[in-house]
Each structure stands twice: as structure tokens, then as C-alpha cells.
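What follows is a short report on a single structure.
No lab work stands behind these numbers, since they all come straight from the coordinates. All values derive from a computational prediction rather than experimental measurement. Here Cβ is always computed from backbone atoms with ideal geometry, including for glycine, and neighbour counts include all displayed protein chains.
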Amino acid sequence: MGICLSAQIKAESSCNTGLSSKYVSTDGSDLSSTGSKVLSVSVPPTPRSEGEILQSTNLKSFSFSDLKMATRNFRPDSVLGEGGFGSVFKGWIDEQSFSAAKPGTGIVIAVKRLNQAGFQGHKEWLAEVNYLGQFYHPHLVKLIGYCLEDEHRLLVYEFMPRGSLENHLFRRGSYFQPLSWNLRMKVALGAAKGLAFLHCAETQVIYRDFKTSNILLDSKYNAKLSDFGLAKDGPTGDKSHVSTRVIGTYGYAAPEYLATGHLTAKSDVYSFGVVLLEMLSGRRAIDKNRPSGEHNLVEWAKPYLANKRKIFRILDNRLEGQYSMDVAFKASTLALRCLSIETKFRPTMDEVVTAMEQLQDSKETGSANGHASNAPRIHRRSADDTISGRNTAAYPRPSTSALYA
């Protein structure tokens, strides 16, 4: 879903995001042939005032009445998800005029509406407009436009038909079949490229809320980062960190950030390690329904990650037979590096992308050597098998939670 604009953004960074160095239009179409594996965006200095932010973006300004019509008056059966920001509704707009269209025609959109009674507000809304209004990347969700009218604050995104990674990892049901090993690695690589792009942009951006519910999947399971309400500009000059109020989602935040409020790009790397561990294990970062000693995934899993003979204890048993222990060990070792207490021992996201690409390229597939089980294996249909029927409204909770008031 694109925006009909003629502006071009030159991609000219050395960041290893696994993409081509090329000109791209703001609707995402290639304007030159592919080259080396790099992509970033030259952007003007981040504007500070609200007026400057809104004027600097190539976004569509929607009226509240347009979005009301597009979502059928924000009908309850149009809700895709709910959270701290408010609710996300499914809607339709005309591909050319962007005016409201009849359901089932034109472009499908996701409309996030600010809940005035929620704990997130205008500042987070403006941050989304600021960052997603400046950046284009295949692994960032595309922001089409916004609505700023009286007390109304809304954001209009491309629709991601397969919803959030969180739903596919942790929800059970006929639609949410277990993601296969290959799909999990594909999603992890895509999400890593999104973070690497943000970290390597001309003005470094720290995402600050990397978690499974903020990773959305398109129809081909390509991962895109969403919800930039907590994003922050990275340190400048000789500064090593950004000092900020501790906010985010419990279980994903880096320990040094929790302790000091000092935020760096390595804080995002830690969060990536948590998510990668969730993907390997099929367990939530925090799960109070687990037995005592297993509530915190990182604390429970860390002792097993560095031991090739023990990592089978943390691997999702729904993945049995889909990987080799050598590849699984490499993935778990990468997660362990990202989860290092000392930030200097964590890799950069650029290095994470390289490591994930090597895992993708590995030909070591087949039986999971080292699984000590005599029980017969049960075939489970994974999510990259053919799934019949229409896609359900499996969208993320558009939420972040304050760790400290």
C-alpha cells in the first residue's frame, strides 16, 4: 500500500540491512537496479516542534469524518486490537484519492485511534508521525497518514494481514498454527534488519519497545516493526547514552536501562535477544503460569543456552525435527550474546543481521540431533503450510506499559 508522492529518498549508508543500495520512492518502488547489500535514508535533522514535524512528513492528513466512514463508524466488529494507546480498526480507502471506500474495495488500512483515557497520549502519537513520517524501510510498517482534529488523534497504517508475531507464537487455535523453524528465522532476520536500519540511520533511532506484539507480519510472513511511540533519538556528539524515564514493557527492557535510565542502541539489542529466545522456546518473556523458577524466561533459559547438550531443554518441542542441533546452538549462542549483562559484549544489530543471514544460508537441516525422546513424533501443520480460508483479524495489542510511573 503506497502513497502517491514523487519525492525520492536516496539510500546511501553502509548499514548491513540485507538490502540493495538504490533510490526508492516513498511508495516503496525501486527506481534503480540493485547493488550492494546496504540501505539507509538521508533525512533532515529531526524537527522538534509539532508544526515542523507535521510539515516535514510526506503523509496524508485525513479528516476525522473520512476515517469514521472508512472504518464504518469505528464499528466494534472492525476492531483489530486494543491496548494502552487505544483501539486499532480495519478500514478501506480508495487507492487513488485516499477517500473512504466501501468495505472490500480499494486499499485495506489499519486505523489506530488514541484513547483519551489511556496512559499514552499526544506525545507518543507525535513520535509515531515523526519517525515513520521520515523513514521508509521494507521492515518498518508503513504509515500512510494521520488525523489531528480537535481532540482526535489517529494514525493510518498499511494493513498487515497476518497480525503480530505474538499471536502466532503464543495464541492457540485453528488459525494460529505453530510457526515453523524456517519461518521463525525469517521473521527474526527481518526484525533484525528493521532495528539495524534504525541504528544506522543518519540520525540514530533507539526503538525502545522491541517485543513480539510490535512485530507485524504481512501475507508472506515478512516482519515489520510497528508502534514507534516510545522511540528516541540516539546519543549525539561525545555522549554515550540518552538519559530518559524508564518506560517500556517488563521482561524486554535491558538491565542497565532499568537500573539507570541510560538508553543506548545496545538496549534494543538486549530486547532482540529476549524476542529471539521467545521464538526459540515458544515461551513468553514473563509467564506467571509457569512453574516456580520459570516465570522469567531469560533467567530460566540462560544456564542452558551456552551448553550444546542442554539447549534442547529450552527449544520449543513443536519444532522437533525441523532443525539441526548445530544450527539451534548457533541461534541460542546469538541470543545469549545479545542478553549479555555488559553492553560491550553485546553485538551490534548489524552484526546480528550477519549472524542471522548465516543461519538462513546454512544447509544444516533435518533431524534435531540430540533430542532424547523415544516417543513417536506427531506431525503438526505449521504456519507455512497451506492455510485455507480467509485471514482473521489477528492484530497486535497497540500497547506499551510504563515500568515505573
Long-range amide H partners of Ser87, meaning residues 5 or more apart or on another chain whose placed amide H is closer than 5 Å, are Arg113, Asn115
Whole-Hz Karplus couplings 3J(HN,Hα) for segment 182-187, θ = phi - 60° and coefficients 6.51, -1.76, 1.60, Gly and Pro as x, run 4, 5, 4, 5, 5, 5
Under 20 Å by backbone N from the virtual spin label 7 Å along Cα-to-Cβ at Ile341, the residues of segment 295-309 are 295-307
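Based on the alpha-carbon gyration tensor of segment 147-209 and its eigenvalue square roots a ≥ b ≥ c, which shape applies: rounded if a/c is under 1.5, prolate if not and a/b is larger than b/c, or oblate?
oblate
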Residue separation between His152 and Arg172 times 0.36 nm, minus their alpha-carbon distance, gives in nm 3.7 nm
Note: segment 165-361 at 25 °C, 0.890 mPa s; Kirkwood Rh on alpha carbon pairs; Stokes-Einstein D in µm²/s works out to 144 µm²/s
Output ordering of 254-261, 75-82, 186-193 (per-residue mean of other Cβ within 10 Å, highest first) is 186-193, 254-261, 75-82
